[in-house]
Amino acid sequence: MHAAVPGFYPQHVAIIMDGNGRWAQQRGRPRTFGHLEGAKSVRRAVEHARRSGVRFLTLYAFSSDNWSRPQDEVHALMKLFRRKLVSETPRLLENGVRLSVVGRRDRLSPELRRAIDAAERETADCGGMTLRLAVDYSSRDTLVRAATILPRAEEMTRDDFARAIAMVNHCPGGVPDVDLLVRTGGEQRLSDFLLWECAYAELVFSRRMWPDFAEADFDQAVDEFRSRDRRFGGLSKAI
Ligand code: FPP
């Protein structure tokens, strides 16, 4: 396990959990089986990130473009989110993990919205790590909605805009920029995820399908992050 070194260990890790469907199909199983196994990987990643000292973990669970998938897959995913929110909340509490769901809520079912509200309320005082689940999330939509809640565009600063994004994402206390973005499943793209927050994120792409993504893969991504020279547009400290 990595020691938590502030400023060096990534404080905000974001993951695009890709490859559930292919993982299942490679085994002759329906795609929804891959999502069920993917949920086990979510638990592993959350608990490992928490133990490792990550402060914010943002997981891409359902993009706004995922509504275009077959209805039975969408339905199975929504049911799985609701079931897991209910069943995993005691474990989140045990681990001191605060849950926050980012994304639109108006298109979610009332049952799912209720489960989200309850899980957020019950874990609100947990200070160990914040788990942000992105559901019906689109970064572009978020940016557009953030722009509409800022009244005086001419006086707006980057910090004001970041605060507006945090408000739109139901995180009024603010969230630090993403340090490390991991995408599993072998694809190398951002798919409308955290475009503002990833301005200086280090990107790590793993060929591992999400259900197979284990603690050692997480550590490998962090090691890759730690080996990078983050210059934020400046010059290397080594020069
Ligand atoms: C992408 O893989 C994954 C999703 C769209 C769903 C993510 C859901 C989970 C990890 C399951 C449980 C989550 C929670 C929060 C309990 P894909 O289906 O696009 O895979 P493919 O690229 O192989 O088709």
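The values are calculated or read from the model by the stated rules, or taken from the named source; none is laboratory data. Predicted, not measured: the structure shown is a model, and the values here were computed from it. Glycine also receives a Cβ, built like all others from the backbone with ideal geometry; neighbour counts cover every protein chain displayed. Note: areas computed on protein heavy atoms with side chains; ligands, DNA, RNA excluded. Shrake-Rupley method; radii C 1.70, N 1.55, O 1.52, S 1.80 Å.
For this structure, a couple of remarks:
- All Cα pairs of the range 41-157, percent lying beyond 26 Å: 27
- MRE, 222 nm, helices only [DSSP H, n ≥ 4, -39500 (n - 2.57), over the chain, to nearest 500]: -13500 deg cm²/dmol
- The residues of the range 1-79 expose on average 48 square angstrom of accessible surface per residue, using a 1.4 Å probe on protein heavy atoms.
- Normalised contact order of the range 84-187, rounded percent, pairs of Cα under 8 Å and 6 or more residues apart: 28
- Between the alpha-carbon centres of the range 14-72 and the range 137-169 there is a gap of 28 Å.
- Ratio of the Cα radius of gyration of the range 99-239 to 2.2 N^0.38 Å, where N counts its residues: 1.20
- Placing +1 on the Cβ of every Lys and Arg and -1 on the Cβ of every Asp and Glu, with nothing else charged, gives the range 43-117 a dipole about its Cα centre of roughly 220 debye.
- Axial C-alpha extent at least 27 Å, average Kyte-Doolittle at least -0.5 - helices from the chain (DSSP): 71-94
- Entry note, the chain: relative contact order of 27 percent, from Cα contacts under 8 Å with a spacing of 6+ residues.
- Rg and Dmax of the chain, Cα atoms only, in Å: 17.7, 57
- Loop sites in the range 115-196: trypsin sites (Lys or Arg not before Pro), DSSP, at most 13 other Cβ within 10 Å: ARG152, ARG189
- The residues packed around TRP23, meaning those with a beta-carbon under 13 Å from its beta-carbon, carry a net charge of +4 if Lys and Arg are +1 and Asp and Glu are -1.
- Placing R0 at 41 angstrom, the Cβ-Cβ distance between THR157 and ASP72 gives a FRET efficiency of 0.35 after rounding to 0.05.
- Placing +1 on the Cβ of every Lys and Arg and -1 on the Cβ of every Asp and Glu, with nothing else charged, gives the range 1-75 a dipole about its Cα centre of roughly 280 debye.
- Ordering SER63, SER41, HIS75 by the projection of their Cα atoms onto the charge dipole of the range 34-77, which places +1 on the Cβ of Lys and Arg and -1 on the Cβ of Asp and Glu, puts SER41 at the extreme positive end.
- Surface accessible to a 1.4 Å probe, ASP106 within the full protein complex, Å²: 100
- Placing GLU47, GLU224 in order of accessible area, with the largest value first and a 1.4 Å probe, yields GLU224, GLU47.
- With every protein chain in place and a 1.4 angstrom probe, the accessible-area ranking of GLU187, GLU111, GLU154, largest first, reads GLU154, GLU111, GLU187.
- Accessible-area composition of the range 79-217, carbon plus sulfur, in percent [1.4 Å probe]: 49
- Residues of the range 110-210: accessible area per residue with a 1.4 Å probe, Å²: 52
- If R0 equals 22 Å, the separation of the Cβ atoms of ALA199 and ASP219 corresponds to a calculated FRET efficiency of about 0.30.
- About its Cα centre, the range 104-213 has a charge dipole of approximately 320 debye under the convention of +1 per Lys or Arg Cβ and -1 per Asp or Glu Cβ, with nothing else charged.
- For the set TRP23, TRP210, solvent exposure ranked by accessible area (probe 1.4 Å, protein chains only) runs largest to smallest as TRP23, TRP210.
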